Amino acid sequence: VVNYAPFTLLPSAVPQALFEQAYAVQQDFNLLVDAISQNKEFLEQTLASTIKVDDFTARLFRIYMQVLEEGLAQTVFLGINRSDYMFDCGLDGTAALKQIEINTIAASFGGLTSRTADVHRLVLKVLGKTKEASQLLPNNPAKGLALGIAKAWELYGSQSAVVMFLVEEIQRNIFDQRCVENELWNKNIRVIRRRFRDVFEQGSLDGSRRLYIDNQEVAVVYYREGYVPQTYDQQNWEARLLLERSRAVKCPDIATQLAGTKKVQQELSRPGTLEKLLPGRPEAVARLRATFAGLYSLDEGEEGDKIAATAIADPERFVLKPQREGGGNNLYGEELREVLQKIKDSPERTSYILMDKIKPQPALNYLLRAHSPLQVSECISELGIFGVYVRQGQEMVLNKAAGHLLRTKAIQHADGGVAAGVAVLDTPYLV
């Protein structure tokens, strides 16, 4: 069944200063993710407690170690990430930009959001608001993401090789991917779409670890799958290992996927960590730190005990986050209290992090969704900035912000994005 993607009837107001701040820090986030992905010692130390209790992260980590021991065949690295923010409303009414998370694998909606501003421009014109319509910014992340993939393909250095989109068995979000795919076809780059199962059945490496699927050499593997445990059975894990061992440019490679874990995010907020990862870049460190919300470790020991007790006593202040991507996994309020109460004395609590709950200012809008009644709702928005970088050896060849995504949801939904069926696509109207 084909349904239209859900969207807001009207664009939503976004403070211009915070919007510009989010764009200005994106290249710093790209550098940071890339630095983490190259820092074995940091990943080992940071994830040590998590991999004891979180089987999914542990299995990714085992592949990471195996590939490193064997020696990386990959020399070109491509990162496509999306850093997500909310606007935290202080007691005095001023809003501040606070990072929710950074997505380093399968960061979606770059395609559909490239179409959203046109829809809102039309709606405003129909309402007689031509001046307001002209103020909506152009936005085309699909083009920016394709630019990164194309650069990685070019540096891989084989004209006949293809780009492989690694996709789910049942793909609800196909049109979002098609936008990026079409940009690549326009550059005369061949694209194939395959599942983990196809890689297991038809994938192979030659003597120099070039990846072949159906006798086609693969230059770039763009993951739109592989970030949730449910994806993997034994044969899919084997397919993932095959991909990681290959020379192909993985977006992301497994180290970059690990760099996007919640545990890493929490570790970055510790004093001194950013300085170690980005030596000699004090301005970048200051820009990054300005976007951090309060993040707390639940590792075993006094510090973890104390914060767990605080959160149980006052759960409305916090969000409890497991090491998962894809939305809809976080715990709030009473549910947070119950789970923490249950695991507070067990090592299992180290598979979560705690974060200060951000309190944005709600606004009214209409959410248009297939088969649901149209009514005005109190809504909050989340701004994502897409980042793209390409590194060859130690040289950063490309590093840029590639566009934005605004998602809006009714305030009664604590958690979940568009794919989870909660949020809808939106366009920022800068104020």
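The values are calculated or read from the model by the stated rules, or taken from the named source; none is laboratory data. In this text the structure is predicted, and so the values were computed from the model without any measurement. Positions of Cβ are backbone-derived with ideal geometry, glycine not excepted, and every protein chain shown enters the neighbour counts. SASA here: full protein model, heavy atoms, side chains in, ligands and nucleic acids out. Shrake-Rupley method; radii C 1.70, N 1.55, O 1.52, S 1.80 Å.
Looking at (1) crowded, with 23+ Cβ neighbours inside 10 Å; (2) out of contact with any strand residue (DSSP E or B) (no Cβ under 6 Å at 6 or more places or on another chain), can you tell me which one Ser83 breaks?
The single condition Ser83 does not satisfy is (2).
Quick one: what pairs do we get from region 132-143, first residue over 19 Å from Leu383 (Cβ atoms) and of a type outside the set (Ser, Thr, Tyr), second outside any helix (DSSP H, G or I) and open to solvent by 20 Å² or more (accessible area, probe 1.4 Å), C-beta under 7 Å, 6+ apart or different chains?
none
So, Ala293, is that one open to solvent by less than 20 Å² (accessible area, probe 1.4 Å), under 21 Å from Leu18 (Cα atoms) and in contact (Cβ under 8 Å) with a residue 12 or more places away in the chain or not?
So Ala293 fits the description; yes.
Looking at region 132-146 only, could you name the residues that are of a type in the set (A, V, I, L, M) and either crowded, with 18+ Cβ neighbours inside 10 Å or within 17 Å of the chain's Cα centre (by Cα) (or both)?
If the condition is that a residue be of a type in the set (A, V, I, L, M) and either crowded, with 18+ Cβ neighbours inside 10 Å or within 17 Å of the chain's Cα centre (by Cα) (or both), then Ala133, Leu136, Ala142, Leu145, Ala146 are the ones that fit.
Within region 301-345, how many residues are under 28 Å from Thr104 (Cβ atoms), charged (D, E, K, R) and open to solvent by 30 Å² or more (accessible area, probe 1.4 Å)?
Of the residues in region 301-345, 4 are under 28 Å from Thr104 (Cβ atoms), charged (D, E, K, R) and open to solvent by 30 Å² or more (accessible area, probe 1.4 Å).
Between a residue in region 99-124 that is touching a residue at least 40 places away in the same chain (Cβ under 8 Å) and within 15 Å of Gly403 (Cβ to Cβ) and any residue that is open to solvent by less than 20 Å² (accessible area, probe 1.4 Å) and of a type in the set (Phe, Trp, Tyr), which pairs come within a Cβ distance under 7 Å, given they are 6 or more apart or on different chains?
Qualifying pairs under 7 Å: Ala107/Phe386; Gly110/Phe386.
Given the criterion outside any helix (DSSP H, G or I) and over 24 Å from Thr113 (Cβ atoms), identify the matching residue among Leu10, Leu68, Leu72.
Leu72
Consider Ile51 carefully, then state whether it is touching a Ser or Thr at 6+ places or on another chain (Cβ under 8 Å), open to solvent by less than 60 Å² (accessible area, probe 1.4 Å), within 27 Å of Glu168 (Cα to Cα) and without any contact (Cβ under 8 Å) to a residue 24 or more places away in the chain.
yes
Residues that are basic (Lys, Arg) and out of contact with any Gly (no Cβ under 7 Å at 6 or more places or on another chain), at least 2 per element: which helices (runs of 4 or more DSSP H) completely within region 100-215 meet that?
Filter on region 100-215 gives 113-126, 141-156.
Pairs needed: first member in region 180-198, without any contact (Cβ under 8 Å) to a residue 40 or more places away in the chain; second member anywhere, surrounded by 14 or more Cβ atoms within 10 Å (Cβ to Cβ) and polar (S, T, N, Q); C-beta distance under 7 Å; at least 6 residues apart or different chains.
Correct list of pairs: Ile192/Gln216.
Please list, ordered by residue number, the strands (runs of 3 or more DSSP E) wholly in region 328-431 having 1 or more residues that are within 19 Å of the chain's Cα centre (by Cα), aliphatic (A, V, I, L, M) and under 30 Å from Ala150 (Cα atoms).
Strands (runs of 3 or more DSSP E) meeting the threshold: 376-392, 395-410, 424-426.
Do the conditions hold for Thr130, that is, is it assigned by the TED database to the domain that holds Pro252, closer than 13 Å to Thr427 by Cβ and among the β-branched types (Val, Ile, Thr)?
no
Out of the residues in region 28-69 that are within 14 Å of Lys262 (Cβ to Cβ) and touching an Asp or Glu at 6+ places or on another chain (Cβ under 6 Å), which is modelled with the highest pLDDT?
Thr46
Filter region 12-37 down to the residues that are touching a Lys or Arg at 6+ places or on another chain (Cβ under 9 Å) and open to solvent by 20 Å² or more (accessible area, probe 1.4 Å), then identify the one that is nearest to Ala363 (Cα to Cα).
Gln21
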